[in-house]
Amino acid sequence: MTVFRILLSIALFIAAILALIGLFLNGFSWLYIAIAVCGFLLAAWVWPSRREPDTRRNDYSSIEWLELLIEFPAELILWPLRWLGMAIRHGLD
């Protein structure tokens, strides 16, 4: 099951990259942006991460680099949303 999740995650990541390439080659389209964002988020969500969120990586094997590559775009998408949520929460206190 883990191998299937890794392959699915890689396929979703590649689909998101192809959507971004299509965005630049075919002109602006909200459909390409939606496919790219959903692809990146689903790829990070499907990835079989066994580590705790606060655990630092010590061995940078190829699978760890692949995990970093797949999770990075999702973190770029989610980081502003987390920041906005914290700003709203602290603004309401």
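Any read-out appearing in this document is the output of simple, stated calculations on the displayed coordinates, not a laboratory observation. Computed from a prediction, not measured in an experiment: that's the story for all the values here. Methodologically, a virtual Cβ is constructed for each residue, glycine included, from the backbone with ideal geometry; neighbour enumeration extends over all protein chains shown.
When the stretch 11-53 is limited to residues that are in contact with a Lys or Arg (Cβ under 8 Å, 6 or more places away or on another chain) and assigned to a loop (DSSP other than H, G, I, E, B), the one that is surrounded by the most Cβ atoms within 10 Å (Cβ to Cβ) turns out to be Trp47.
Looking across the stretch 69-86, the residues that are in contact (Cβ under 8 Å) with a residue 40 or more places away in the chain and farther than 12 Å from Val37 by Cβ come down to Leu69, Ile70. Within the stretch 1-48, track down each residue that is closer than 21 Å to Trp65 by Cβ, aliphatic (A, V, I, L, M) and in contact with a helix residue (DSSP H, G or I) (Cβ under 6 Å, 6 or more places away or on another chain). Leu8, Leu12, Ala15, Ala16, Leu20, Leu41, Leu42, Ala43, Ala44, Val46, listed by residue number.
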